[in-house]
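The values are calculated or read from the model by the stated rules, or taken from the named source; none is laboratory data. None of the values given here were measured: they were computed from a predicted structure. Please note: Cβ atoms are built from the backbone with ideal geometry, for glycine as well, and neighbour counts cover all protein chains shown. These accessible areas exclude ligands, DNA and RNA; they are computed on the full protein's heavy atoms, side chains included. Shrake-Rupley method; radii C 1.70, N 1.55, O 1.52, S 1.80 Å.
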Amino acid sequence: MASRRRGDSFESHKKKVLCVGNICLDFVNVAREYPEEDSDQRGLDYYWQRGGNASNSCTVLSLLSVPCECLGVMGSHGTEASWIQEDFAKCGIETSHCLMKPVQPSVSTVVISQATGSRTIFHYPRDRPELTYNEFHQIFHGDFTHYSWIHFEAGRSVDYVSHMIDDVVAFNNKHSLPQASDGQRLSVVLSVEIEKPELKNPELVMDKADIVFISKDVAKCKGFSEAVKAVEGLYRFCKNDAVLICAWGDSGAAARYRDITLTAPALADIKVVDTLGAGDTFVAGFVSSLWKHGWTATDRASRDADNITRDADSSGSDVDTSIITNALQYACHLAGLKCTIYGYQGLK
Ligand code: FRU
């Protein structure tokens, strides 16, 4: 087989990134400082913003010119539902597979404190629009040919997400070898985000994904006091050759890949004004960086055997390590930048 260089060799095979998760509306109140209970104060600003982790990550991916699609349940009732649909369209984010249900969207009331940049989220699931495994299966019937990356938000329960991931893994198992005609691999990179500490049995999805993001809150809940210790302590739950990532706010982020731990600092000397969706921005930054590299993590061993040209003097693992380090640095940079602006517009 002809030798190929990563970066340009997979260029023509880059397809959409699909983010699966919740879609909601954020009612954002900017306050001088976080209010005292039972007080009465005037806000500084108030606006609506499309929210939900998958939806926010799509917003950022689209700003970074990564073709993306958001999949979740979209309520079709009421002004808020139409506003969400219009906003997706305005941002050029595909939603053609979203399940339209005659429900009202979930909403979050958010208070952003100007004094600290903190965001306090009060989420109301309203009609609880969450995609089930059966609905997911009915949409794709196990065919993910149109995607090069699928990112799952493990929300309320891992059960649904675990079965959805199984569908993608089954597809990958069928397509992990290069297709005869043009050497193209059809397998999809699979990532999962575990954000909520209350999520039971996250291990059930951690060992299936190529890339696993765990939040600072989850890491703390598991007894870790910093990102490096968290990725080193939790890597045993991941499958071989997976990348485990933990972002830790202004302390930066760490990643574990094989037997190597990588770190990146947070963006320094910034004035934090809005941290809402900073984690989702981090995820999008990391995904976009690897996606732009044509990362095909599904089966590193078979790729290694596939005679891909490597930079002189570097082992396969060194090349991967530097790609992951770049992605980690970029994700920290982008998340930091996001904290300096309200919303996402202006992120590039
Ligand atoms: C930010 C976010 C908000 C949403 C909330 C849901 O990460 O996705 O947009 O209101 O979390 O938990």
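Got a sec? Which of ALA170, ALA154, ALA115 is modelled with pLDDT of 90 or more and open to solvent by less than 20 Å² (accessible area, probe 1.4 Å)?
Result: ALA154 is the single residue among ALA170, ALA154, ALA115 that is modelled with pLDDT of 90 or more and open to solvent by less than 20 Å² (accessible area, probe 1.4 Å).
Does segment 92-130 hold any residues that are among the hydrophobic types (A, V, I, L, M, F, W, C), within 15 Å of the ligand (Cβ to nearest atom) and assigned to a loop (DSSP other than H, G, I, E, B), and which are they? Reasoning before the result, please.
Quick first cut of segment 92-130, residues among the hydrophobic types (A, V, I, L, M, F, W, C) only: 93, 98-100, 103, 107, 110-112, 115, 121-122.
With within 15 Å of the ligand (Cβ to nearest atom) added as a condition, the list becomes 93, 107, 110-112, 121-122.
Selection gives ILE93 alone.
Within segment 258-291, track down each residue that is under 18 Å from the mean Cα position of the chain (by Cα) and either at positive phi or among the aromatic types (Phe, Trp, Tyr) (or both).
Residues satisfying the conditions are GLY277, PHE282, PHE286, TRP291.
So which of VAL66, VAL60 ends up being more than 16 Å from the ligand (Cβ to nearest atom), open to solvent by less than 10 Å² (accessible area, probe 1.4 Å), over 13 Å from ILE23 (Cβ atoms) and not acidic (Asp, Glu)?
VAL66
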